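A short worksheet on the structure shown next.
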Amino acid sequence: MKRKIALFDFDKTVIYKDSIFILYDKTCRKVPGFRVKLFLHLVKDILSHNPKHLKTTVKETYLRMLEYYSPEELESFVEEDLMSYAFPEAIDTIHRLKEDGYFLMLVSASVDDYLRYVKNVLPFDHIIGTRTDAAFKLVGGNNKREQKVDNILAYLDANDIAIDYEHSVSFSDSLSADRPMMELTKNRYLINSSARADGFKHLRWERPSR
């Protein structure tokens, strides 16, 4: 069945700051000595892993902080912390598209461990984040660039949904990171971006007063 799809990135698109750094700041306040502990882990992990996988190594090291949170605490983190960084225009756009009958998908490199709880506060039909195992290691790769496209299409195919290209929309702050995803839709909006490319429109969203 063909449907109008709305694809959203999360960090710096729905919220104006990287969510992993918001969690990092919270963890530094929650866990005494965490900043030093993380730094030592970073040095050890970077020296002991393949330089080709440096970005994954750094991300997995940061994700160690998830061990300090229960599912209930991560749920509260999304509702009380992350959403305080949300662009008001993003919230309005998401609700408007939902009312207009779009199938809303949040697709982000942020981890599913907390991203899943965005559904509690925003009406997304499906959320795809980077998956982790019990040790907070990445499962199936980082959900970015072409991996986003693969994950979106796999979900839609499994649910017998086809993208109505002409009427579908996508939103991201990063042309370089999300161009493959955004090219699944005809209508593409870059948020607060200086990048220029044919077929991409620009929106300026303002940070909320916190």
Given Cα pairs under 8 Å that are at least 6 residues apart, what percent is the relative contact order of the stretch 58-210? 20 percent
Evaluate the charge dipole of the chain about its Cα centre and quote only its size in Debye, nearest 20, assuming +1 on the Cβ of each Lys and Arg and -1 on the Cβ of each Asp and Glu. 740 debye
Given axes a ≥ b ≥ c from the Cα gyration tensor, I'd like to know whether the chain is rounded (a/c under 1.5), prolate (a/b larger than b/c) or oblate. prolate
Of the heavy-atom accessible surface of the chain (probe 1.4 angstrom), what whole percent is carbon and sulfur? 50 percent
The chain - accessible surface per residue (Å², probe 1.4 Å): 51 Å²
Give me the net charge of PHE124's neighbourhood, meaning all other residues with Cβ under 12 Å from the Cβ of PHE124; Lys, Arg count +1, Asp, Glu -1. +2
Return the subset of LYS17/LYS98; LYS4/LYS119; LYS4/LYS201; LYS137/LYS201; LYS37/LYS148; LYS2/LYS144 for which the Cα-Cα distance in this structure is over 28 Å, preserving the input order. LYS137/LYS201; LYS37/LYS148
By the Cα gyration tensor axes a ≥ b ≥ c (a/c under 1.5 gives rounded; else a/b larger than b/c gives prolate, otherwise oblate), the shape of the stretch 80-166 is oblate
Beta bridges per DSSP with both ends in the chain, % antiparallel, nearest 5: 10 percent
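The values are calculated or read from the model by the stated rules, or taken from the named source; none is laboratory data. The shown structure was predicted, so the numbers you read here are calculated from the model rather than taken from an experiment. For neighbour counting, all protein chains shown are included, and Cβ atoms are generated from backbone atoms with ideal geometry for every residue, glycine included. For the accessible areas, the whole protein counts, side chains as well, though only heavy atoms, and no ligand, DNA or RNA atoms are used. Shrake-Rupley method; radii C 1.70, N 1.55, O 1.52, S 1.80 Å.
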